[in-house]
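What follows is a short report on a single structure.
The values are calculated or read from the model by the stated rules, or taken from the named source; none is laboratory data. Just so it is clear, the structure is predicted and the values come from calculations on it, not from any experiment. Positions of Cβ are backbone-derived with ideal geometry, glycine not excepted, and every protein chain shown enters the neighbour counts.
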Amino acid sequence: MTARWLRRLLLAQLATLLVLGGLLAWFGFPRLALLLFVLGLPAGYLLLTGAHVLLQAAWCARQGAPACPAMVRWRIWVAETGLQMRAFIWLQPWREQTWPDWLGATSVKGKLGRSCAFSPLTTARMRTDGVARDTPNTGAVATQLPVVTARTPGVVLVHGYLCNRAFWNPLLARLQAEGTPFIAVNLEPMLRAIDGYAPGIDAAVARLATATGRPPVLLAHSMGGLAVRAWLASSSANAARVASVITVGSPHAGAWTARYANTIQAVQMRPGSAWLRNLLDLESGQRQPPMHCIAGDCDQLVYPIRTALLPGAQTLRLRGTGHLALAFHPATWDALQTALRHAREGHVGASTPCQTNPVGDANL
């Protein structure tokens, strides 16, 4: 659904540029028309990202909070524009199922580009070097494959606002290459209440735990972190079903920029919203799995940095990193690998009771 909506939005944007370019050409400005059609879309993303970067800088100046250096701000502007274009023009509209959920099966690619899937049971017949003993009779040539050992913990990935599972494609490719099972959740329908996504997350956790025999690690970006918290709060038993939770750039105390949108999710993400207060009430006294919060001091959408942190959670503060880039930062990958290693070693289960974190003032 989200992919279809993004495709329609992209086609509408291109059609608008084509019409405007046609009008310019009609009035005798063919070069300007070509320039508009070629650069119109990138310019739009540059302006949108630049507006968020400047809003964050203005907020810091008004509140007397530490601000990103000017050169870092310029770098984030360009980098985040590129990441947004990759996500909203290419990956999410067109590549939603490039990396389908992977529960541990591996494949051998042949000369003709065909692949022969191995189930998790079949992978047990592989040599320790990752090369299949027997190549199916399809003309395929054995290649190096990820080794999937028994009871390998997996990852459930949860995307953020106005996105879909293809947001995680760069990480999904890497996880599969390293033999880590994963399920990337689609939060659909796109604009429903955040707590309405709890059944989908619950199903993904159950499916991956059944396939691997281990509680999974949850990795959530932006609004996805709130969706995971809402799922955890929906049942006191959920904390013991996951090894740990990593949130990346999630507006735990609300997002100041949510004031500029009127969708139900944006209203829920506003600082001090009734939904956030209710979520804290539901969490109060509940035991939580090990929680890790990754936040950026130059995040142009979730600021100040304290709004992306939770009391009692292990925190990692990244300098000079924008909102989308946080999800693909090497430190995020390292944190995920550490969580998976702990899961393999059996460090799972509920930790401590959740503490109440006031969300009335997002300027802390």
Within segment 205-233, count every residue that is touching a helix residue (DSSP H, G or I) at 6+ places or on another chain (Cβ under 7 Å) and not aliphatic (A, V, I, L, M). 6
Which residue out of 18, 23 is more than 30 Å from residue 208 (Cα to Cα), surrounded by fewer than 17 Cβ atoms within 10 Å (Cβ to Cβ), modelled with pLDDT of 95 or more and in contact with a Phe, Trp or Tyr (Cβ under 7 Å, 6 or more places away or on another chain)? 18
Sole exception among (1) of a type in the set (A, V, I, L, M, F, W, C); (2) farther than 30 Å from residue 182 by Cβ; (3) in contact (Cβ under 8 Å) with a residue 40 or more places away in the chain for residue 34, by number: (3)
Being within 14 Å of residue 305 (Cα to Cα) and crowded, with 16+ Cβ neighbours inside 10 Å is the filter here, so list the residues in segment 66-77 that pass it. 67, 68
In segment 325-341, anything over 13 Å from the mean Cα position of the chain (by Cα), farther than 11 Å from residue 292 by Cβ and either crowded, with 16+ Cβ neighbours inside 10 Å or outside the structural domain of residue 290 (by the TED database) (or both) is listed as 340
Of (1) surrounded by fewer than 24 Cβ atoms within 10 Å (Cβ to Cβ); (2) touching a strand residue (DSSP E or B) at 6+ places or on another chain (Cβ under 6 Å); (3) not in a helix (DSSP H, G or I); (4) not charged (D, E, K, R), residue 215 fails just (2)
Failed condition for residue 87, given (1) among the hydrophobic types (A, V, I, L, M, F, W, C); (2) out of contact with any Phe, Trp or Tyr (no Cβ under 7 Å at 6 or more places or on another chain); (3) at pLDDT 95 or above: (2)
Does residue 184 meet the test of being assigned to a strand (DSSP E or B) and either farther than 21 Å from residue 288 by Cβ or not assigned by the TED database to the domain that holds residue 336 (or both)? yes
Under the condition of being surrounded by fewer than 23 Cβ atoms within 10 Å (Cβ to Cβ) and polar (S, T, N, Q), which residue from segment 164-179 is farthest from the chain's Cα centre (by Cα)? 176
When you scan segment 282-304, do you find a residue that is closer than 16 Å to residue 194 by Cβ and part of a helix (DSSP H, G or I), even just one? yes
Going residue by residue through segment 139-147, is there one that turns out to be on the phi > 0 side of the Ramachandran plot and modelled with pLDDT under 95? yes
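Is it the case that residue 224 is outside any helix (DSSP H, G or I), modelled with pLDDT of 95 or more and either touching a Leu at 6+ places or on another chain (Cβ under 8 Å) or closer than 17 Å to residue 288 by Cα (or both)?
Numbers: outside any helix (DSSP H, G or I): no; modelled with pLDDT of 95 or more: yes; either touching a Leu at 6+ places or on another chain (Cβ under 8 Å) or closer than 17 Å to residue 288 by Cα (or both): yes.
For residue 224, the condition - outside any helix (DSSP H, G or I), modelled with pLDDT of 95 or more and either touching a Leu at 6+ places or on another chain (Cβ under 8 Å) or closer than 17 Å to residue 288 by Cα (or both) - is not met.
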